[in-house]
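Here the structure comes first, spelled out in structure tokens, and everything after it is commentary.
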Amino acid sequence: MKIGVVGATGEVGRTFLKLFEEYKLINEISELRLFASERSQGQEIKVGSKRYTVEKLQEDSMKEKYDYLFFSAGASVSKKFAPIAQESGNVVIDNSSQFRMDEKIPLVVPEVNAELLKNYRGIIANPNCSTIQMVLALNGIHRDLGLKEIVVSTYQAVSGAGNKGIIELLNQEKGINEVKHFPKVIKNNVIPLIGEKKENGLTFEEEKMINETRKIFSDKEIKVFPTTVRVPVLYGHSESVFFRTKLDSSVDEIMKLVESTPNVEYNEEKITPIEVAGSDITFVSRIRKIEEKTFLMWVIADNIRVGAATNAIRILQKHRELN
Ligand SMILES: NC(=O)c1ccc[n+]([C@@H]2O[C@H](COP(=O)([O-])OP(=O)(O)OC[C@H]3O[C@@H](n4cnc5c(N)ncnc54)[C@H](OP(=O)(O)O)[C@@H]3O)[C@@H](O)[C@H]2O)c1
């Protein structure tokens, strides 16, 4: 396979490279090309036993033929370069928000809606990190009981904002109190604003959780009420999820439905971000029945892996299997 990674020096990009080794894809890759901005041009990155030189992203490179191209360099880079790659007949797995709500573009979590990948070539959108782990946890429940509404509060790690988010927290912990990328100090703090606030008061991150959940579940009727919050954690997003179902159920059945989705585990031990960082599993715990058809649970996953790179690798694997 010939593979290209756009944004290879970033948090998500570097995780792709790790996963190529972990998922043994590296043995099947005959050519690997790494792209980033001019800042990283010439940098060397080791993948498996070989060293690769980072190239500056240019239109001509996107016109070449690849088996798969991964994009994780932000929405504006995807907007400009992904259509060029698509026009050349390439399959592009895009981690940015650029194409997620485009009706023609599949928004895929393979454990939930892999069928969209069959006979499809072109841009495939990877959902937002906080949406992926939530729909994975709720998938079996939505399928068998029907979901009426979801109220979710997130506790999102600084790595969700990329390298710069991690650096900002680490700097503040060292006493450098510069506030650049987050709207407030993040050290010893909690910030209930991720992304810009819209006129209706929702942030862009909250709007993504509403729209993407409906698109992935192909259900425009589901009501989603999110509050997205940044916390001073390096890796791992946590979510408190309150949901109402159409059919009644029990805590035992909810546990079974949670685990009916591959790569989702009910586990009362793995409940904090530190315990899930580095894992490709979405962990669910503290399932509570509040009243008839009304439940609460805690959902936790590594945002860079489950919420970005691992989902993209699973898209590649499923796409190959189905085509
Ligand atoms: N972090 C997460 O949890 C997460 C989850 C889901 C989706 N995503 C999405 O994935 C994308 C990347 O996120 P990240 O966390 O990996 O960010 P990051 O750590 O800031 O990395 C950004 C990457 O994009 C490259 N880049 C920036 N501007 C570029 C340009 N003009 N041309 C070419 N490359 C450019 C950077 O290269 P340089 O090193 O040269 O600057 C770097 O490789 C974003 O769209 C983000 O929304 C992130």
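Since every read-out is calculated from the coordinates, none of them should be taken as a lab result. Small disclaimer: the values here were computed from a predicted structure and weren't measured. Note that each Cβ is placed from the backbone with ideal geometry, even for glycine, and that neighbours are counted across all protein chains shown.
Secondary structure note: in segment 130-303, about 75% of the DSSP beta bridges are antiparallel. Antiparallel beta bridges, as assigned by DSSP with both residues in the chain, represent about 50 percent of the total such bridges. Just report the Cα centroid separation between segment 251-322 and segment 199-229, whole Å. Using only Cα atoms to place each centre, the spacing works out to 19 Å. Computed about the Cα centre, the dipole magnitude for segment 130-303 is approximately 480 debye when only Lys and Arg (+1) and Asp and Glu (-1) carry charge, each at its Cβ.
Quote the Stokes-Einstein diffusion coefficient, in whole µm² s⁻¹, for the chain, based on the Kirkwood radius over alpha carbon pairs, a temperature of 37 °C and a viscosity of 0.692 mPa s.
D = 163 µm²/s.
Looking at segment 1-132, the DSSP beta bridges with both ends there are about 15 percent antiparallel.
Per the Debye calculation on segment 125-279 with a single equal scatterer at every Cα and no solvent contribution, log₁₀ I(q)/I(0) for q = 0.08, 0.11, 0.20 Å⁻¹ amounts to -0.25, -0.47, -1.29. With 30 Å as the limit on Cα-Cα distance, the pairs of LYS46/LYS198; LYS56/LYS164; LYS46/LYS104; LYS24/LYS65; LYS118/LYS197 that go past it are LYS46/LYS198; LYS46/LYS104; LYS118/LYS197. Of the peptides 229-238, 247-256, 114-123, the order by per-residue mean of other Cβ atoms within 10 Å, starting with the highest, comes out as 229-238, 114-123, 247-256. Under a 5 Å amide H cut-off, with hydrogens placed 1.01 Å from N, VAL233 pairs with VAL158 among residues at least 5 apart or on other chains. Under a model in which nothing but the beta-carbon of Lys, Arg (+1) and Asp, Glu (-1) is charged, the chain shows a dipole of about 520 debye around its Cα centre. Our note on the geometry: Cα centres of segment 16-68 and segment 142-165, 30 Å apart. Taking amide H as placed 1.01 Å from N in the peptide plane, the amide H of ARG33 sits under 5 Å from that of ILE3, GLY4, VAL5, each at least 5 places away or on another chain. Only one residue of ILE281, ASN139, SER153 has its Cα farthest out toward the positive end of the dipole of segment 130-303, where Lys and Arg carry +1 and Asp and Glu -1 on Cβ, and that residue is SER153.
Taking a ≥ b ≥ c as the square roots of the Cα gyration tensor eigenvalues, segment 79-187 comes out oblate, since a/c reaches at least 1.5 and a/b does not exceed b/c. Taken about its Cα centre, segment 241-309 carries a charge dipole of about 260 debye when Lys and Arg each add +1 at the Cβ and Asp and Glu each add -1 at the Cβ.
Kindly provide the Kirkwood hydrodynamic radius of segment 62-117 in Å, to one decimal, from all pairs of distinct alpha carbon atoms.
It works out to 11.8 Å.
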